[in-house]
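Chemist: Just passing along the structure, written as structure tokens.
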Amino acid sequence: MKLEFHGHDERYVVEQSLMNLFPGELPVYEPIAPGDGAWAKITCDEAGDYLVVTTDLFFHGQSGVYTYGAPLSGTDFDREGQRRHAVGACFYLARREMGLPDLPWGMLTGVRPDKPVTWALEQGKTPREAQAFLESEYFVTPERAALAVETGAVAAQAAAGLGERDIAVYVGIPFCPTRCAYCSFVSQSVEKSFSLVPPYVDALVDEIRAGGAMAREQDLRVRAFYMGGGTPTTLTAEQMDRVLTAFETAFDTRWCSEITVEAGRPDTITAEKLEVLKRHGVTRVSVNPQTMEDHVLRAIGRRHSAAEIETTMALVAKYGFPHVNMDLIAGLPEDTEAGFRRSLERCLDFGTDNITVHTLALKKGSRILTEGLAVPEAEAVAAMLDFAEGALRGAGYGPYYLYRQKYMSGSFENIGWTRPGGVCWYNVYIMSELCSILSFGAGGSTKMVVPGTNRIQRVFNLKYPKEYTERPEKALANLEAFAAFYDQL
């Protein structure tokens, strides 16, 4: 779609809106010419403390024009946020004028659509007022706005319990047995890169030890630990023991109330590994089948069967972990509404207190796109999610965190569901960006959060395991940046 800006240069918000409202369209910055099939003119006219935005849209024979006015106030930072909101709102409303249906999350384009609710609740608004705010200011549907109020309230509760020097720790294991069809994460197949694992663990342990020393010097309190991937259980039991021991000995863990490990795929989980996790006081493990349909498992490149998931869940139950999570994905290749229903019902039979329902995200670089695999239509995905909500609520679960990704089927969301007492606070901290996340390992993204603000700094580890092991100075530089951040508080 060709884009013309007049009186402004708000490229970021327009490009994000374009991605959200017209999937597959790419921004083109060339003059609009007669006969062009897709274009938008966005004009901003600012006079004093008032901004008027006009968006003129044309998309393959359909047109829409809208003018949106907004007052400007506060600091320069505040005003910039108000301008961006006005431009995004005007673009969305011009699309609505074309007669296209509203989207579940309205004009919201970010990963964390319940953040405005958390802010509203922290400012003293009632849940009803917070929901009305989402509906009127961001054009979110009443159903999604009500959902955001529930998860936003959990985030507000979490924020109230955090101190200025409270952090969470993430450890990344970027290895998997095979690459799933929907995946575009920077991870390595162990069968192709087995030799990378031992030096990776060596480098990871060194980084954790250095990070723990820094955290003690800064008097930081670790509130939650999360080991994710990839698939952490691709490590051997001995390697997992080394990593967890490094964390326990390097950090002061007196305030760490939860230790979560994504056990991941059933074909990587053994009694020996579960014994290691239990010995280290792991409070939550995740077994992530994604589906309980054998033909769908084959379609996404998994090498285990639904029967193996059953066996693994029985094994996990023997160790008595306080919390167990299972992941499902709505919209996988070759899945159907009936198949998804069977998968969710089977997960409910296991009695786990956490179930996460993801919506398939069509990620660039995934086999789904590169090989053109057929996936369910948005209407079918909507039906899957509707069934999941009803079934989970009926079984005593409630939503406690949610997030969105780019290119999601139907522009929906991922939701973590829990029974009472089963909240994984790490998920709330990271998704609502409530405290700093100190990340270790290849591809790690360390976030430094200024308490009580929406201002975040980030530093990134090297992406690939090989370069991560060969350049430890990069990880050390990130730790120095983290320490410098807290020196300034």
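The values are calculated or read from the model by the stated rules, or taken from the named source; none is laboratory data. None of the values given here were measured: they were computed from a predicted structure. Cβ atoms come from the backbone with ideal geometry, glycine included; neighbour counts cover every protein chain shown. With ligands, DNA and RNA removed, areas are computed over all heavy atoms of the protein, side chains included. Shrake-Rupley method; radii C 1.70, N 1.55, O 1.52, S 1.80 Å.
Chemist: Which ones in the range 298-324 are assigned to a helix (DSSP H, G or I) and either open to solvent by 30 Å² or more (accessible area, probe 1.4 Å) or over 22 Å from residue 261 (Cβ atoms) (or both)?
Modeler: 298, 299, 306, 307, 308, 310, 311, 314, 315, 317, 318
Chemist: Consider residue 447 against the criteria (1) out of contact with any Asp or Glu (no Cβ under 9 Å at 6 or more places or on another chain); (2) farther than 17 Å from residue 173 by Cα; (3) open to solvent by less than 40 Å² (accessible area, probe 1.4 Å): it satisfies all of them except one. Which criterion is unmet?
Modeler: (1)
Chemist: Kindly provide the set of residues from the range 17-49 that are more than 16 Å from residue 93 (Cβ to Cβ) and outside any loop (DSSP other than H, G, I, E, B), ordered by number. Even if it seems obvious, please write down each step before you answer.
Modeler: Step one: filter the range 17-49 for residues more than 16 Å from residue 93 (Cβ to Cβ), giving 19, 23-39, 45-49.
Selection gives 19, 28, 38, 39, 45, 46, 47.
Chemist: Any residue in the range 405-432 that's within 14 Å of residue 326 (Cβ to Cβ): show its pairings with residues that are open to solvent by 10 Å² or more (accessible area, probe 1.4 Å) and among the small types (Gly, Ala, Ser) at Cβ separation under 7 Å, as long as the two are six or more apart or on different chains.
Modeler: From residues that are within 14 Å of residue 326 (Cβ to Cβ), the pairs are 417/398; 418/398; 419/396.
Chemist: Which of (1) at pLDDT 95 or above; (2) out of contact with any helix residue (DSSP H, G or I) (no Cβ under 6 Å at 6 or more places or on another chain); (3) among the acidic types (Asp, Glu); (4) over 25 Å from residue 169 (Cβ atoms) is the odd one out, the single condition residue 379 does not satisfy?
Modeler: That leaves (1) as the condition not met.
Chemist: While we're here: Which of the following residues is free of Cβ contacts under 8 Å to residues at least 24 places away in the same chain and of a type in the set (A, V, I, L, M): 438, 369, 373?
Modeler: Answer to the selection: 369.
Chemist: Only residues that are closer than 21 Å to residue 467 by Cα and open to solvent by 10 Å² or more (accessible area, probe 1.4 Å): list them for the range 208-240, please.
Modeler: If the condition is that a residue be closer than 21 Å to residue 467 by Cα and open to solvent by 10 Å² or more (accessible area, probe 1.4 Å), then 209, 210, 229, 230, 234, 239 are the ones that fit.
Chemist: Residues of the range 63-82 being more than 26 Å from the chain's Cα centre (by Cα), closer than 17 Å to residue 7 by Cβ and among the charged types (D, E, K, R), which ones?
Modeler: Within the range 63-82, 79 is the sole residue that qualifies.
Chemist: While we're looking at this one, here's another question. May I ask you to verify whether residue 5 is of a type in the set (Phe, Trp, Tyr), more than 30 Å from the chain's Cα centre (by Cα) and surrounded by fewer than 18 Cβ atoms within 10 Å (Cβ to Cβ)? Lay out the reasoning, then the answer.
Modeler: On the way: of a type in the set (Phe, Trp, Tyr): yes; more than 30 Å from the chain's Cα centre (by Cα): yes; surrounded by fewer than 18 Cβ atoms within 10 Å (Cβ to Cβ): yes.
Considered against the rule, which asks whether it is of a type in the set (Phe, Trp, Tyr), more than 30 Å from the chain's Cα centre (by Cα) and surrounded by fewer than 18 Cβ atoms within 10 Å (Cβ to Cβ), residue 5 comes out as yes.
Chemist: In this structure, does residue 439 turn out to be touching a Lys or Arg at 6+ places or on another chain (Cβ under 7 Å) and among the hydroxyl-bearing types (Ser, Thr, Tyr)? Talk me through it step by step, then tell me what you get.
Modeler: On the way: touching a Lys or Arg at 6+ places or on another chain (Cβ under 7 Å): no; among the hydroxyl-bearing types (Ser, Thr, Tyr): yes.
No.
Chemist: Please specify each residue of the range 192-230 satisfying the condition of being of a type in the set (Asp, Glu), in a helix (DSSP H, G or I) and over 27 Å from the mean Cα position of the chain (by Cα).
Modeler: 202, 206, 217
Chemist: Identify all residues within the range 424-434 that are modelled with pLDDT of 95 or more and either touching an Asp or Glu at 6+ places or on another chain (Cβ under 9 Å) or of a type in the set (Phe, Trp, Tyr) (or both); write none if there are none.
Modeler: 424, 425, 426, 429
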